[in-house]
Amino acid sequence: MEELFTPMKIGNRTAINRIVFNAMECSDALDNGDPSPATYKRYENYFKGRPGIVILEAITPQYDYIARKNQLSILEHNIPGLKKFISHLKEINSDTLIFFQITHSGEISSNIYSQRIRVTEEPLYGYEDAKLVREKEIEKVIEDYANGCRIAYEVGADGVDIKLCHGYLGTQILRPYNKDDWKYGGKWENRRQFAIDLYRRCRAVVPDEDFVFGSKISVYEGFPGGVGTAGPDSSVMDLTETIDLVKTLEAEGAHYILQSAGSPSHTLALAHPDRRVPDYAYIHHYFQKVLRDNLKPETKVIGSGYTIFRDGKQPFLAVKPEKNTLRFWGNKNIREGVVDAIAVGRQSFADPYLPVKMMEGREKEIKWCTLCDHCVELLIRQHHKVGCVTYDPYYTQAYLDMIKNEGHIKEKHT
């Protein structure tokens, strides 16, 4: 059997295969944060497609600092709706695991629908309107995360992804740019303590050893002072802190690390390699190997950046197309110990049935992501529902209407 379709133990649970659907924000919740009919349709298709794991997108445990107007939420009033949602998905397919990615947007919160906050005296360029916060506010953030984890367990999720990636609040605290001397700032030990306190509080509210904990992290953000750099104003890549972070998370009970890179608000092409810079995908492989080499075998590494390989028909040079496909790199990197599983994002929009089609040898039926990134353009505008513009007529029309009424995107970042 191909490596991609072998089971994988993750914590005390087992994923039926090694294809993971990444958390993809779609801004299609109801006004109260519950899953809408559009959310139901999307996840129903995911579960029919039978990936090993689905990560539920950026669900917020508070409303004061959010990135999207119609973002899924995980508060007390959402419990009935989320229970119904998870029960429905498990009726479709009880084998696929679902983890909730719990998030806080921090400085990249929308200043239209909420308020931006920052943890540095000197704001990161472009976020001068963010309010400075310190221990009191961050203590509330940790409390909110823990409450979200409790609810995720109560409504039937199989685990949580405690989000520490892509420029969201966890990343903002961890990055060297958080240079001020305060409880969670300045020296690495202070910044790391946020992740430790977060994990300890979250794990304490879930009385079940079978519940899975993990985090999606940006190994390297790709700008001076970002995660994975040598200092608050350094552009030099230095993964010392990143390696220590994942070892720390492992020691605090993380069952997996979902590797990513970049920040879509600053370095979008690094976060998800595109037609302009496809070769960033190979850097993701390096980051995956660094994590795999520094973690215990039982702590699983899930790698991102695989959508762009598709069926070999993409803008790469120097490599034969048949040796540059999603299937080729997924199997090869699992077999050679680079990674334990692979994650796709935009490809899950294009064809949520990808896993079952690949497993059954129906490769010619797969709707491959065209890498147009029109889904990202919908996301950038914040108030639009997000989906595949190429293959779904609803989103095709939504995109055309957006361009007609609002014009083209001037800057490609979230």
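On a 24 Å Cα-Cα criterion, which of the cross-link pairs K9/K163; K163/K404; K69/K404; K84/K385 come out too long? Violating the 24 Å limit, Cα to Cα: K163/K404. Across the stretch 162-178, rounded Karplus estimates of 3J(HN,Hα) from the backbone phi angles (6.51 cos²θ - 1.76 cosθ + 1.60, θ = phi - 60°) give 7, 5, 10, 9, 6, x, 6, 4, x, 5, 4, 6, 6, 5, x, 4, 6 Hz, Gly and Pro being marked x.
Scattering from the stretch 327-402 was approximated by placing one identical point on each alpha carbon and applying the Debye formula without solvent; log10 I(q)/I(0) at 0.21, 0.23 1/Å stands at -0.93, -1.01.
For the stretch 253-393, the Cβ-based charge dipole about the Cα centre amounts to some 140 debye (Lys, Arg positive; Asp, Glu negative; other atoms uncharged).
About the centre of its Cα atoms, the stretch 3-371 shows a dipole size close to 1080 debye [charges on the beta carbon of Lys, Arg (+1) and Asp, Glu (-1) only; nearest 20 debye]. Dipole of the stretch 228-322 computed with +1 at Lys/Arg Cβ and -1 at Asp/Glu Cβ about the Cα centre; of Y282, G253, Q314, farthest Cα towards the positive end is Q314.
Candidates V206, V356, V338 compared by Cα position along the dipole of the chain: farthest toward the positive end lies V356, with charges placed on Cβ.
Distant-in-sequence amide contacts of D161, defined by a placed amide H-H separation under 5 Å and a gap of 5 or more residues or a different chain, comprise F100, Q101, I102. Report, in deg cm²/dmol and to the nearest 500, the calculated mean residue ellipticity at 222 nm for the chain, where each DSSP H run with n ≥ 4 adds -39500 (n - 2.57) and the sum is divided by the residue count. That comes out to -10500 deg cm²/dmol. Cβ screening of the chain for cysteine pairs under 4.7 Å finds these without a partner: C26, C165, C369, C372, C375, C388. Across the stretch 31-110, C-alpha contacts under 8 Å between residues 6 or more apart give a mean separation that, scaled by the residue count, equals a relative contact order of 46 percent. Annotation: amide H-H contacts under 5 Å for R310 (H modelled 1.01 Å from N, sequence separation of 5 or more, or interchain): L326. Each peptide among 56-62, 248-254, 98-104, 31-37 gets the average number of other Cβ atoms lying within 10 Å of its residues, and from highest to lowest they stand as 98-104, 56-62, 248-254, 31-37. Mean separation of Cα pairs under 8 Å and 6 or more residues apart, divided by the residue count, gives the chain a relative contact order of 16 percent. Packing, as the average of other Cβ atoms within 10 Å across residues, places the peptides 130-142, 63-75, 18-30, 206-218 in the order 18-30, 63-75, 206-218, 130-142, highest first.
Quick check on the stretch 54-152: take the gyration tensor over C-alpha atoms, sort the square-rooted eigenvalues as a ≥ b ≥ c, and tell me if it's rounded (a/c under 1.5), prolate or oblate. Taking the square roots of the gyration eigenvalues as a ≥ b ≥ c, the stretch 54-152 is prolate.
Taking the charge dipole of the chain about its Cα centre, with +1 at Lys and Arg Cβ atoms and -1 at Asp and Glu Cβ atoms, the residue from I53, Q172, F223 reaching farthest to the positive side is I53.
Quick note: the coordinates plus some simple rules give every number you see, no bench work behind them. None of these values were measured; they are calculated from a predicted model. As a convention, Cβ positions derive from the backbone with ideal geometry for all residues, glycine included, and neighbour counts pool all protein chains shown.
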